[in-house]
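**Student:** Sending over a structure as structure tokens; questions will come in a sec.
The values are calculated or read from the model by the stated rules, or taken from the named source; none is laboratory data. Since this is a predicted model, take the numbers as computed values, not measurements. In this analysis, Cβ positions are derived from the backbone assuming ideal geometry, glycine residues included, and neighbour counts consider all displayed protein chains. Accessible surface areas use protein heavy atoms only, side chains included; no ligands, DNA or RNA. Shrake-Rupley method; radii C 1.70, N 1.55, O 1.52, S 1.80 Å.
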Amino acid sequence: MQTVTVPALGPELLLEELGEVRVRRLQQIGEIVQQAMGTHMQLHVNSTAAGGGVAEMLHTLLGYARGAELDIRWMTIDAPAEFYGFTKQLHHTLHGVDVGLDPEGGRELYEGVLRAQRDDLLASFQPGDIVILHDPQTAGLAEVLVEAGARVAWRCHVGTAHQNNNTERAWAFLRPYLKGIPIIVSQRAYLPDWADIAETFEIPPSIDPLSPKNMDLDPAFAREILQAAGLLSDGTAHMVTFTRRDGSPGRIEHAADVLQAGPPPPVDAQLIVQVSRWDPLKDMAGVMEAFARYVYPHNDSHLVLAGPNVSAVADDPEGAEVLQECMAAWGELPAAVRRRVHLACLPMLDADENALLVNALQRVASVVTQKSIEEGFGLTVAEAMLKARPVVATRVGGIPAQIVSGETGILIDDPHDLAAFGSAICGLLAEPAWAEELGRRGQQSVSEQFLPDRHLQQWAELILHLVGPAEST
């Protein structure tokens, strides 16, 4: 197993975003949890330190927890590609999708890989410490932790409210590992019917407004960042430097790998942007088809579909396959359409650089989309809304918890309705004043509901539950 280092982030850093009252409350929460924990610590375990929303959330959550002087640590498992292939199938099946999961056929592999993590894990905590396991990749570690005296909870970041035979099959696989421990989900509707309601917690994720991915960027600087990475062009070369969160200097020095027919979009282009993993449930190919059929004929906008460099995300082995499918679909578009569709693999060698590229893409976008078929929560929606961008997304998973359609963004009821998706985008491009108003309302909504203080307060309630009333008084 690997230990992940997380810099402490003092709650006072959020003063401008949250205000004095909310920051003081956050500090008080830290003091309450610190007193309740005593000499015990918290350990979080997941599959990777980079490349997805869970890792990003943990960097933020644990950073502010450490800034509140809590003893909190993070470890990731070591696993072969076959393990991640199986758990990715489990991930899709929890979303209700039939991907041919063979639960019992994969159980020996699953348990064997996790058995190999136990010595490192058992040496990393003391009885009475709290261990939070994240997502299906780690659920099988719960029993050995409980036996060793840890207070354990399992956090599931995926799921669907539309339970079917597939979700039942996935939950049946996980059920033996979850006996007697609390389960945390983004929405209670994702829980299986056998879950003990008294031992379940609903905790939606949050975003850090000060992270490189979300911090305020001047629009001109955002465009310079994208030009330096080859994602926009004004015909000249650009060298862009920035200051990292720790105060050290950084530079945009890795270009995105972009599939395009011609130059990048011009700096003044209307951009439609979707940023997500190369995952079939994100339906990048569907966004492309909707653009070609229902957006391209009506305006001069460009579509940018951006995801991570697939070789850099260890726990997502099907990313390369989905990217190849998108590239093949791009190649079948008419030549004129291809010139306005850009598939971008963002460099992952420098986490801050990658985050700034995502930030800049969302900030310069005229419209941000999230055309998911299923979605556990969809943090890219809240990220774009925080940047006051109008968002067109599908009414699936956790997205409706973020958007009130027609007030803070637009929701498409049927994720397969390409005409409605394209029409919504065209309407925003044609009415910039309306788009700006939706963006402003969305920004206010996210500031009130999805920043770290709300998230940390809910986690504090969970921790106090795990510690128990005798030790938390």
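**Student:** Carbon and sulfur together cover what percent of the accessible area of the chain at a 1.4 Å probe radius?
**Tutor:** Numbers: 9480 of 18920 Å².
Answer for the chain is 50 percent, counting heavy atoms of protein chains only.
**Student:** Here's something else I'd like to know. Roughly what would the spin-label model give for Asp102 and Asp234, points 7 Å off Cα along C-beta, in nm?
**Tutor:** Output for this residue pair reads 5.7 nm.
**Student:** Protein chains only, probe 1.4 Å: how do Phe450, Phe201 rank by accessible area, largest first?
**Tutor:** Values: Phe450 10, Phe201 40 Å².
These residues rank, largest area first, as Phe201, Phe450.
**Student:** Taking amide H atoms as placed 1.01 Å from N in the peptide plane, list the residues 5 or more away in sequence, or in a different chain, whose amide H sits under 5 Å from that of Gln370.
**Tutor:** Long-range HN contacts for Gln370: Val392, Ala393, Thr394.
**Student:** Can you tell me the 0 to 90 degree angle between the C-alpha axis of helix 53-67 and the longest principal axis of the chain, rounded to 10?
**Tutor:** Value to nearest ten degrees: 60.
**Student:** Rounded to the nearest 10 Å², what accessible area does Tyr177 show when all protein chains are kept and the probe is 1.4 Å?
**Tutor:** 20 Å²
**Student:** Taking 8 Å as the Cα distance limit and 6 or more residues as the minimum spacing, I'd like the relative contact order of the chain as a percentage. Can you show the working numbers first?
**Tutor:** Details: 885 pairs, mean separation 77.0, N = 473.
About 16 percent, as a whole number.
**Student:** Rg/Rh for segment 144-240: what does it come to with C-alpha atoms and Rh from Kirkwood?
**Tutor:** 1.26
**Student:** Rounded, prolate or oblate: which one fits segment 67-209, using the alpha carbon gyration tensor with axes a ≥ b ≥ c (rounded when a/c is under 1.5, else prolate when a/b beats b/c, else oblate)?
**Tutor:** oblate
**Student:** If I fit a long axis through the Cα atoms of helix 103-115 and take the longest principal axis of the Cα atoms of the chain, what angle between them do I get, 0 to 90°, rounded to 10?
**Tutor:** 70 degrees
**Student:** Can you give the angle from 0 to 90° between the axis of helix 20-37 and the longest principal axis of the chain, with both taken from C-alpha atoms, to the nearest 10?
**Tutor:** 30 degrees
**Student:** Rounded to a whole number of µm²/s, how large is the Stokes-Einstein D of segment 1-124 at 4 °C and 1.567 mPa s, given Rh as the Kirkwood radius over C-alpha pairs? Walk me through the numbers on the way to the answer.
**Tutor:** On the way: Rh = 16.9 Å.
The estimated diffusion coefficient comes to 76 µm²/s.
**Student:** Ok, one more. Remind me, what semi-axes does segment 367-473 give for its equivalent ellipsoid, largest first in whole Å, using sqrt of 5 times each Cα gyration tensor eigenvalue? Let's see the in-between values first.
**Tutor:** Numbers: eigenvalues 226, 50, 12 Å².
Each semi-axis is √(5λ); the values are 34, 16, 8 Å.
**Student:** Report the antiparallel proportion of the DSSP beta bridges in the chain as a percent, rounded to a multiple of 5.
**Tutor:** On the way: 8 of 49 bridges.
Counting only bridges with both partners in the chain, antiparallel ones make up about 15 percent.
**Student:** Turning to a different aspect of this structure: Helix-derived [θ] at 222 nm for the chain: sum -39500 (n - 2.57) over DSSP H runs of at least 4, divide by residue count, nearest 500? It would help to have the intermediate numbers written out before the result.
**Tutor:** Details: 18 runs with 192 residues, N = 473.
The helix contribution divided over the chain gives -12000 deg cm²/dmol.
**Student:** If you bin the C-alpha pair distances of segment 321-404 every 10 Å from 0, what whole percents do you get?
**Tutor:** 15, 35, 41, 8
**Student:** Tell me, what ³J(HN,Hα) does each residue in segment 408-418 have, in order and in whole Hz, if you take phi through Karplus 6.51 cos²θ - 1.76 cosθ + 1.60 with θ = phi - 60° and put x for Gly and Pro?
**Tutor:** 10, x, 10, 10, 9, 5, 9, x, 9, 7, 5
**Student:** Arg151's amide H: which non-local residues (gap 5+, or another chain) put their own amide H closer than 5 Å, with H modeled 1.01 Å from N in plane and none for Pro or chain starts?
**Tutor:** HN-HN under 5 Å from Arg151: Gly128, Asp129, Ile130, Val131.
**Student:** How much length is gained if the chain between Glu325 and Ala123 is pulled fully straight, taking 0.36 nm per residue apart and subtracting their Cα-Cα distance, in nm to one decimal?
**Tutor:** Stretched out fully, the Glu325 to Ala123 stretch lengthens by 68.4 nm.
**Student:** Leaving out ligands, DNA and RNA but keeping every protein chain, what accessible area does Glu325 have, in Å² rounded to the nearest 10, with a 1.4 Å probe?
**Tutor:** Here the accessible area works out near 100 Å².
**Student:** Compare Leu109, Leu43 by solvent-accessible area with a 1.4 Å probe and give them largest first, with all protein chains kept in place. Can you show the working numbers first?
**Tutor:** Values: Leu109 65, Leu43 0 Å².
I get Leu109, Leu43, largest accessible area first.
**Student:** Could you give the spread of the C-alpha atoms of segment 247-351 along their three principal axes, from largest to smallest, in whole angstroms?
**Tutor:** 45, 32, 19
**Student:** Estimate the FRET efficiency between Ile32 and Asn299 by the formula 1/(1 + (r/R0)^6), using the beta-carbon distance for r and 51 Å for R0, to the nearest 0.05.
**Tutor:** Working: r = 53 Å, r/R0 = 1.04.
Calculated value: 0.45.
**Student:** Please give, to one decimal in nm, the separation of the simple spin-label points placed at Asp196 and Gln444, each 7 Å out from Cα toward the Cβ.
**Tutor:** Those two pseudo-labels are separated by 4.4 nm.
**Student:** Lys213: which lysines have alpha carbons under 26 Å from its alpha carbon, excluding same-chain residues fewer than 8 sequence positions away?
**Tutor:** Lys88, Lys282, Lys371, Lys387
**Student:** Mind ranking Asp208, Asp196 by accessible surface for me, highest first, 1.4 Å probe? Can you show the working numbers first?
**Tutor:** On the way: Asp208 5, Asp196 90 Å².
My answer, sorted largest first, is Asp196, Asp208.
**Student:** Shifting gears a bit: With every protein chain present, what is the per residue accessible area of segment 256-311 (1.4 Å probe, Å²)? Spell out each step's value before the answer.
**Tutor:** Details: 2020 Å² over 56 residues.
Per residue, segment 256-311 has an accessible area of 36 Å².
**Student:** Ok, one more. Find which of Pro136, Ala306, Ala222 sits farthest along the positive direction of the dipole of the chain, computed with +1 on the beta-carbon of Lys and Arg, -1 on that of Asp and Glu, about the Cα centre.
**Tutor:** Result: Ala222, furthest along the dipole toward the positive end.
**Student:** Please work out how much accessible surface Ser366 shows to a 1.4 Å probe, ignoring ligands, DNA and RNA, in Å² rounded to 10.
**Tutor:** 30 Å²
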